Amino acid sequence: MTERPCGAPLQDLLRLRDDFPLLARPVHGVPLVYLDNAATTQKPAAVIEAVARYYRESNANTHRGVHFLSDRATEAYESARATVARFINAAAEEIVFVRGTTEAINLVASSFGRAFLRAGDEIIVSEMEHHSNIVPWQVACEQAGATLRVVPIGDDGAFCFEAYERLFSPRTRLVAVTHVSNALGTVVPVRRVVERAHAAGVPVLIDGAQAVAHAPVDVRALGCDFYAFSGHKVYGPTGIGVLYGKAEWLQRLPPYQTGGHMVRSVSFEKTEFAPPPARFEAGTAHIAGAIGLAAALDYVSAVGVAAIGAHEHHLSSHATARLREIPGLRLIGTAPEKGAIVSFVLDGIHPHDIGTVLDRQGVAVRTGHHCAMPVMQRFAVAATARASFALYNTLAEVDALVAGLAQVRRVLGR
């Protein structure tokens, strides 16, 4: 993710909205205002058609057959890997297809933990992490007798870099941090995080689930050792995700799962594993998912990732200003560098009630702890309401959210 550009709306926004069939569907008899993009994005017709075309024209298993359909499926699957690699400036052999960010992080935690983590070692994470970037490391630490160290966040939700620097010790073995907080929208200075860790000889994993759809990501420029993201948050299908790993690290890690395809040879005496990335792709792949993800990344590239980020910044700035006008509303997460996420609470009204009333007006937001309970504890709230933006959202939809919140206050009598 590069430095944020000045906010400006996308050109031809109405045409782009037409690319997303589900946006035309009304809910409860009113137009849909979809502001739950941090949970999952809607899919353009190009992605839907790419998945359907695979099943219509090329459905077969990959890497296992010499017949025509298998060759076609394998070619499409490996072409998708190359598309992902280009999108984040990696080599194709550094791209491992997984089910999503959660599986990608679990893969590294399990494999790295077994190979390199010992009693007394330390892993550094931050206080703003999604559960998927906390629990796998807790398990790895428990299994090895290691310790999890936590970087605190400030009252505005910013990453405390000075505290991060102080956490390093001779026992630090890995750093795992989010690129953009899913609960706060905070953009973490990941390049500085990587530079500090590498100065100590420590590898870094970045959870990029909330970053790749919103601004350019160049893993070479970031210098990170691992980068994980999910297809469904970048306009692709569910059930497909990516783990980028530097070639030298993937070659050193043992397999995460075992079985078909990830082997070079098998006998009852010994099994020889395939080289990466096949070593980490046991079993039948989500072939249609990879193809759909490639179509999504092609779509995003055609629109322009930097342009998308600028448009979303325009929306989130407008939303922040409008929400600040609402009496009794408290923004949760006000760091200077933020992504396309706005979280808030309303005095005396449970976030679930906010979401329910908004839904009747066609406005879809997320409510709850967002799989980030430590963040909720840090800000002394049980849950928040969260609006999150995508390339197809408009200023009018932000205003619909604000009008909906006025209705929330009227309906609930506060």
query: With a 10 Å Cβ neighbour count serving as the proxy for reagent exposure, in which order, fewest first, do Tyr77, Tyr299 appear?
result: Tyr299, Tyr77
query: Rounded, prolate or oblate: which fits segment 272-380, taking a ≥ b ≥ c as square roots of the Cα gyration tensor eigenvalues, rounded meaning a/c under 1.5, else prolate when a/b beats b/c?
result: prolate
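So if I place +1 on the C-beta of Lys and Arg and -1 on the C-beta of Asp and Glu, and nothing else carries charge, what would the dipole magnitude of the chain be about its Cα centre? I want it in debye, nearest 20.
Working: 39 positive and 39 negative charges, 79 e Å.
Dipole size: approximately 380 debye.
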message: Mean-square fluctuation check for the chain, GNM, Cα pairs under 10 Å: which of Ala321, Ala38, Ala400 is largest?
response: Ala321
task: Would you calculate a helix-derived [θ] at 222 nm for the chain, using -39,500 (n - 2.57) for each DSSP H run of n ≥ 4 and dividing by the full residue count, to the nearest 500?
output: -12000 deg cm²/dmol
- line: The ³J(HN,Hα) series, computed from each phi in segment 333-348 with the Karplus coefficients 6.51, -1.76 and 1.60 at θ = phi - 60°, rounded to the nearest Hz and given as x for glycine or proline, is x, 10, 4, x, 9, 10, x, 8, 9, 10, 10, 7, 10, 10, 3, x
query: Arranged by the count of other C-beta atoms within 10 angstrom, fewest first, what order do Met376, Met262 take?
result: Met376, Met262
task: Would you pull out the residues with amide H under 5 Å of Ile332's amide H, same chain only if 5 or more places away, H placed 1.01 Å from N?
output: Ser343, Phe344, Val345
Length-normalised contact order for segment 156-220 - Cα pairs under 8 Å, 6+ apart - percent: 36
Between segment 280-296 and segment 96-121, the Cα center-to-center distance that results, in Å: 20
task: Starting from the Cα gyration tensor of segment 1-103, take the square roots of the eigenvalues, sort them a ≥ b ≥ c, and report rounded, prolate or oblate (rounded when a/c is under 1.5, otherwise prolate if a/b is larger than b/c, else oblate).
output: oblate
message: Could you tell me which residue out of Tyr164, Gln143, Gly328 lies farthest along the dipole of the chain toward its positive end? Charges go on the beta carbon: Lys and Arg +1, Asp and Glu -1, centred on the Cα centre.
response: Gly328
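Counting other beta carbons within 10 Å of each residue's own, what order do Asp353, Asp207, Asp12 fall into, fewest first?
Numbers: Asp353 16, Asp207 30, Asp12 9.
Least crowded to most crowded, the residues run Asp12, Asp353, Asp207.
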field: Karplus-derived HN-Hα couplings along segment 231-237 (A = 6.51, B = -1.76, C = 1.60, θ = phi - 60°), whole Hz, x at Gly and Pro
entry: x, 6, 8, 10, 6, x, x
message: Debye calculation, C-alpha points only, no solvent: report log10 I(q)/I(0) for segment 48-301 at q = 0.07, 0.15 Å⁻¹, in the same order as the q values.
response: -0.24, -1.04
message: List the residues, sorted by chain then number, that are 5 or more residues from Val151 or on another chain and whose placed amide H is less than 5 Å from its amide H.
response: Val125, Ser126, Glu127
- line: In the chain, helical segments from DSSP H whose Cα atoms cover 15 Å or more along their own axis and that average at least 0.0 on the Kyte-Doolittle scale are 45-57, 101-116, 287-303, 395-411
message: Can you classify segment 97-184 as rounded, prolate or oblate using the Cα gyration tensor, where a ≥ b ≥ c are the square roots of its eigenvalues, rounded means a/c under 1.5, and otherwise it's prolate if a/b beats b/c and oblate if not?
response: oblate
- prompt: Given charges of +1 on the Cβ of Lys and Arg and -1 on the Cβ of Asp and Glu, with all other atoms neutral, how large is the dipole of segment 128-221 about its Cα centre, in debye to the nearest 20?
  reply: 340
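Read-outs throughout are calculated quantities, based only on the coordinates presented, and are distinct from any laboratory measurement. Since we're looking at a predicted model, the values are computed, not measured. For neighbour counting, all protein chains shown are included, and Cβ atoms are generated from backbone atoms with ideal geometry for every residue, glycine included.
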